[in-house]
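Encoded as structure tokens, the structure appears first; notes follow it.
The values are calculated or read from the model by the stated rules, or taken from the named source; none is laboratory data. Bear in mind that the values here come from a model prediction, so they are computed numbers and not experimental data. Don't worry about glycine lacking a Cβ; one is built from the backbone with ideal geometry, like all the others, and counts go over all protein chains shown. Accessible surface areas use protein heavy atoms only, side chains included; no ligands, DNA or RNA. Shrake-Rupley method; radii C 1.70, N 1.55, O 1.52, S 1.80 Å.
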Amino acid sequence: MTPAEVAAALREIAGYVELEGDRFRARAYERAARSIGAVADLDRLVAGRRLTELPGVGRSLAGVVEQLAAHGRIDLLERLRARWPRVVLELAALPDVGPERARRLHEALAPASLDEVAALCEAGRVRRLPGFGKVSEARVRDAILTRHERAILLTLEDALLASAELAVIARAAPGVLAVEVCGPVRRWMEVADRIALAVATEDPGALLDRARAHPGIVALDAGEEGVLRGRLASGAPCELHVAPRERFGVALALATGSSEHLAALRAHARARGTELERIVAPDESALHAALGLPFLPPEVRDGTDEIAAALAGDRFADLVTLADLTGAVHCHTSYSDGRHSVAEMADAADARGLGFLTVTDHSQSAGYAGGLTLERLREQWREISDAQRGTPVRLLRGTESDILADGRLDYPDDVLARMDVVIASVHKRHRLDADAMTRRVVTALRQPLFKIWGHALGRIVLHREPIEVHFDEVLDAIAESHVAIEINGDPRRLDLDPARARLARSRGARFVLAADAHSAGQLTYLEYAVGIARRARIRRHEVLNTLPPDDFARVVRPSP
């Protein structure tokens, strides 16, 4: 099997494993798929027993990959396919369904296809199942009926994986000098409608031949001059913008977008008496310089006012970067629904050069996520003290407190006041109307202690819409209260979205870039949070976890 085929098999296993309720194991298979899909020579790694050198591939997963690479099959996957019909995976991937509801539908009704599920919804049979009702039944039906419209959309995490796999294919072609991942991925869009690369090559024909022969690409043809368009085996559209080295800067810009930004850039070029596509530039810095502009970071290329801002003097040089972050915020441990201990999370933060880590497990009402009772909370505090003696990383004891239906936070005030950091999040009853949800959130944010508003609008990308809330009223409450807004880096969330984050920034809000890590490996989610923040044009001085650890701890302390 090719790396792309092995990666696809690992992702399929991940889907089945999550159906069975093992989220951590599912994530492990997803991480391994990402690493394997980006490998150029899988056979060499297998032969040398070096698979464990890849990120996210331990000994057990290495054995799975070795079997797949050698035999094209593995008993584990065959057993899972026999246990779960394909329709259950298809259901789990739909918005407002997910693994748990897909499993319930399968166990209760055993539908043979998505169309049959839609018919069961029309007949009113789904609403009778535990955990369903008229509204959720309608959402399942609508998700099925609109699935073809959503079929080409990828989450950022999946798009990164698909882009890496396509880049491996492109780099293997003769005459290729450089390959860069572009498109929505390079701009850190939450959802990607295509996979795009820019390729500098001396032999475009060899690149086309190589790509057409690869099983990971099912169609590819030359479109307009310099662009190869096609479709990946997964169904996602792909495009390769091809240019000689001296014009690679233009290819990068065209492959990156957005379409609105490119329209504005072309208009700016024409106003200066030239055409964008005619400029000779080996990179984008040279391209922008030829247009009298500073380098415009990909994340700000949204086609709003980035060119005007640049001409007015904004160099975007102080946009927050991953290197600016001094600590990991919003981290879960094995005390609630995390995979690793306090000490293991601290070691992972230390390995990344971070100076502090917030231990913010779920609060007591979050029974679905192992929320901590007061007794368990005290036990955790003792463990944090013990772990602190063995690590240079400053450990801040805290909570991700549920915002209850009436706006209260889920621990007594005297307990919250003794913590180092409080994250306040909505986890249940997401479908309140805008008036009720606004009262709930505003009540929580106005409580007289410092708190971080966690994954503010509660969305799950492509699966759950944001909560309905009067955002201006919430910003008024934030301006009057001790609050920072979290930019959540979990690729399923990426919340607060850039448009609202930019609005909050205009109102003087402060931000925290958070990993929402449930394992040591998920500290990498900080990079996603940075990408979203840069799209919102958030500057390093507006981010609290760019402060030194002592200063951060002082600013976020719940009690003044």
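Here are the numbers for this structure:
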read-out: Residue under evaluation residue 454, criteria (1) open to solvent by 10 Å² or more (accessible area, probe 1.4 Å); (2) within 23 Å of residue 339 (Cβ to Cβ); (3) modelled with pLDDT of 95 or more, criterion not met; value: (1)
read-out: Residue 321 vs. criteria open to solvent by less than 40 Å² (accessible area, probe 1.4 Å) and of a type in the set (Ser, Thr, Tyr); value: no
read-out: Among (1) free of Cβ contacts under 8 Å to residues at least 60 places away in the same chain; (2) open to solvent by 30 Å² or more (accessible area, probe 1.4 Å); (3) not in a helix (DSSP H, G or I); (4) not charged (D, E, K, R) - the single one residue 234 does not satisfy; value: (1)
read-out: Hey, residue 424 assigned to a helix (DSSP H, G or I), under 23 Å from residue 529 (Cβ atoms) and either of a type in the set (Ser, Thr, Tyr) or in contact with a strand residue (DSSP E or B) (Cβ under 7 Å, 6 or more places away or on another chain) (or both) or not; value: no
read-out: Restricting the stretch 473-509 to residues that are closer than 20 Å to residue 325 by Cα and of a type in the set (A, V, I, L, M), the residue that is surrounded by the fewest Cβ atoms within 10 Å (Cβ to Cβ); value: 509
read-out: Members of the stretch 337-348 that are surrounded by fewer than 24 Cβ atoms within 10 Å (Cβ to Cβ) and over 22 Å from the mean Cα position of the chain (by Cα); value: 341, 343, 344, 347
read-out: Residue tally, condition acidic (Asp, Glu) and touching a helix residue (DSSP H, G or I) at 6+ places or on another chain (Cβ under 8 Å), over the stretch 21-57; value: 3
read-out: Qualifying residue in the stretch 384-394 (condition: open to solvent by less than 10 Å² (accessible area, probe 1.4 Å), over 26 Å from residue 326 (Cα atoms) and not polar (S, T, N, Q)); value: no
read-out: Matching residues, the stretch 517-541, being closer than 16 Å to residue 190 by Cα and open to solvent by less than 30 Å² (accessible area, probe 1.4 Å); value: 525, 526, 528, 529, 530, 531, 532, 533, 536, 537
read-out: Restricting the stretch 237-262 to residues that are more than 13 Å from residue 284 (Cβ to Cβ) and either of a type in the set (Val, Ile, Thr) or free of Cβ contacts under 8 Å to residues at least 40 places away in the same chain (or both), the residue that is least open to solvent (accessible area, probe 1.4 Å); value: 242
read-out: Unmet criterion (only one of (1) open to solvent by less than 10 Å² (accessible area, probe 1.4 Å); (2) of a type outside the set (Lys, Arg); (3) touching an Asp or Glu at 6+ places or on another chain (Cβ under 9 Å)) for residue 465; value: (1)
read-out: Hey, residue 46 surrounded by 13 or more Cβ atoms within 10 Å (Cβ to Cβ) and more than 24 Å from residue 179 (Cα to Cα) or not; value: yes
read-out: Where residue 336 falls short, out of the listed (1) of a type outside the set (Val, Ile, Thr); (2) farther than 14 Å from residue 523 by Cα; (3) in a helix (DSSP H, G or I); value: (3)
read-out: Some residue of the stretch 161-178 being modelled with pLDDT under 95, among the β-branched types (Val, Ile, Thr) and either open to solvent by less than 10 Å² (accessible area, probe 1.4 Å) or over 15 Å from residue 239 (Cβ atoms) (or both); value: yes
read-out: Members of the stretch 287-309 found to be acidic (Asp, Glu) and without any contact (Cβ under 8 Å) to a residue 60 or more places away in the chain, listed by number; value: 305, 306
read-out: First in the stretch 344-364 and free of Cβ contacts under 8 Å to residues at least 60 places away in the same chain, second anywhere and open to solvent by 70 Å² or more (accessible area, probe 1.4 Å), Cβ under 7 Å, 6 or more apart; value: 350/392
read-out: Selected residue (criterion: least open to solvent (accessible area, probe 1.4 Å)) from residues of the stretch 263-286 that are closer than 19 Å to residue 305 by Cβ and free of Cβ contacts under 8 Å to residues at least 24 places away in the same chain; value: 269
read-out: Residue within the stretch 75-92 that is surrounded by 18 or more Cβ atoms within 10 Å (Cβ to Cβ) and within 19 Å of residue 133 (Cα to Cα) present; value: yes
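Okay, residues lined up against (1) open to solvent by 50 Å² or more (accessible area, probe 1.4 Å); (2) more than 25 Å from residue 153 (Cβ to Cβ):
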{"site": "96", "(1), (2)": "no, no"}
{"site": "106", "(1), (2)": "no, no"}
{"site": "110", "(1), (2)": "yes, yes"}
{"site": "116", "(1), (2)": "yes, no"}
{"site": "121", "(1), (2)": "no, no"}
{"site": "124", "(1), (2)": "no, yes"}
{"site": "129", "(1), (2)": "no, yes"}
